[in-house]
1. Heavy-atom accessible area of residue 124 with all protein chains present, probe 1.4 Å, nearest 10 Å²?
2. As a test of reading the structure, rank 74, 232, 131 by solvent-accessible area (1.4 Å probe, protein chains only), most first.
3. Using only protein heavy atoms and a 1.4 Å probe, report how much of residue 203 is accessible, in Å² to the nearest 10.
4. Taking only the Cα atoms of the stretch 1-139, how large is their convex hull per residue, in Å³?
5. Which cross-chain or sequence-distant (5 or more) residues have an amide H under 5 Å from the amide H of residue 58, H modelled 1.01 Å from N in plane?
6. Which whole-number value in Å² is the accessible area per residue of the stretch 1-60, probe 1.4 Å?
7. Before I look further, what does the stretch 78-226 give for accessible area per residue, probe 1.4 Å, in whole square angstrom?
8. Would you mind working out the magnitude of the charge dipole of the chain relative to its Cα centre, with +1 at each Lys and Arg C-beta and -1 at each Asp and Glu C-beta, to the nearest 20 Debye?
Amino acid sequence: MSKVVLIGLGNMGKKYLNKFLQLGIKPTLCDIDKNTLQIYRDFEIFCFHEDIAPSGEEKVFVAVNPKYHPSIARHFLKAGASVFLEKPPAVNTKDFLHLLEEFGNKNLAVSEIERYSYAVKNFSPPSNVERIEIKRLNKGKGYINPLWDLAWHDLYLLLHLFGEVEIEKLYKLGAYHYLLEGYVKNIPLSLEVAWNYPEVIRKWSLYTSKDEIVFDFLNERRFEFGNLTSERKGGDKLLEMVADFLNGTYDRNSVYRAVQILELLEKLEQKGEI
């Protein structure tokens, strides 16, 4: 069996597969859809992850319905394999915490692709940020809802850059359109997300006492006080994230940020606001 295993050949699964092939890796594939597996008959294929007997040396990427992520991860972690979960890593905090308490963060990671964007690469927030305005608006429609699908990216970036996030208010602006308001380290924050929006906007504006810092995630570039200070010239963020995990250099704190995001989203759900 290949030392790389891919569970799930849906939208994200196909993207991961392309990156493995770019790296010269032919992974073992698993998907419950037998018709999908027929497309990949020249690969080693499995229909059910339980039929895979890991040696413990595998790097396993899981991109299926998130309610199955914890049980699939447990199957491979018990054998000592390393597991990379597409976000969200679970549909509730309890299931993911059990996984983390049982296996720790040594061999477990959660996708944080936007950390590899040149919009935020090598950026440290200045001490004079007074307000943060975030918009992540998509034309398409994702999996659970825009908060789980889109805001997740901005929440782990806020935790990565600032260390804490507090959500105080949630406004539903439309069927798939939400506005969050809160604070990061006492800095006022607004975070707007939407599906089926007329245009695509993926942008942060950090307003300081001097001027504005803009993260343009759509074009992977950063402007600081009107000057272009970071821009991607080659490569791609998904390939870099995959390579990091395969090389054992992926940020182990991704799992702890995931727990905090799950807790934030669960609180909103419990209030009946999502």
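1. Roughly 90 Å² of residue 124 is accessible to a 1.4 Å probe.
2. On the way: 74 60, 232 35, 131 100 Å².
My answer, sorted largest first, is 131, 74, 232.
3. Ignoring ligands and nucleic acids, residue 203 comes out at about 90 Å².
4. Details: hull volume 22.8 nm³, N = 139.
It comes to 164 Å³ per residue, whole-number rounded.
5. Excluding prolines and chain starts, which carry no amide H, the hits are 82.
6. On the way: 3230 Å² over 60 residues.
Ligands and nucleic acids excluded, the figure is 54 Å² per residue.
7. Working: 6530 Å² over 149 residues.
It amounts to 44 Å² per residue over the stretch 78-226.
8. Details: 36 positive and 38 negative charges, 86 e Å.
For this selection, approximately 420 debye.
The values are calculated or read from the model by the stated rules, or taken from the named source; none is laboratory data. Here the structure is a predicted model, which is why all the values come from computation and not from measurement. With ideal geometry, Cβ positions are generated from the backbone for all residues, glycine too; neighbour counts draw on all protein chains shown. Surface areas here come from the heavy atoms of the whole protein model, side chains and all, with no ligands, DNA or RNA. Shrake-Rupley method; radii C 1.70, N 1.55, O 1.52, S 1.80 Å.
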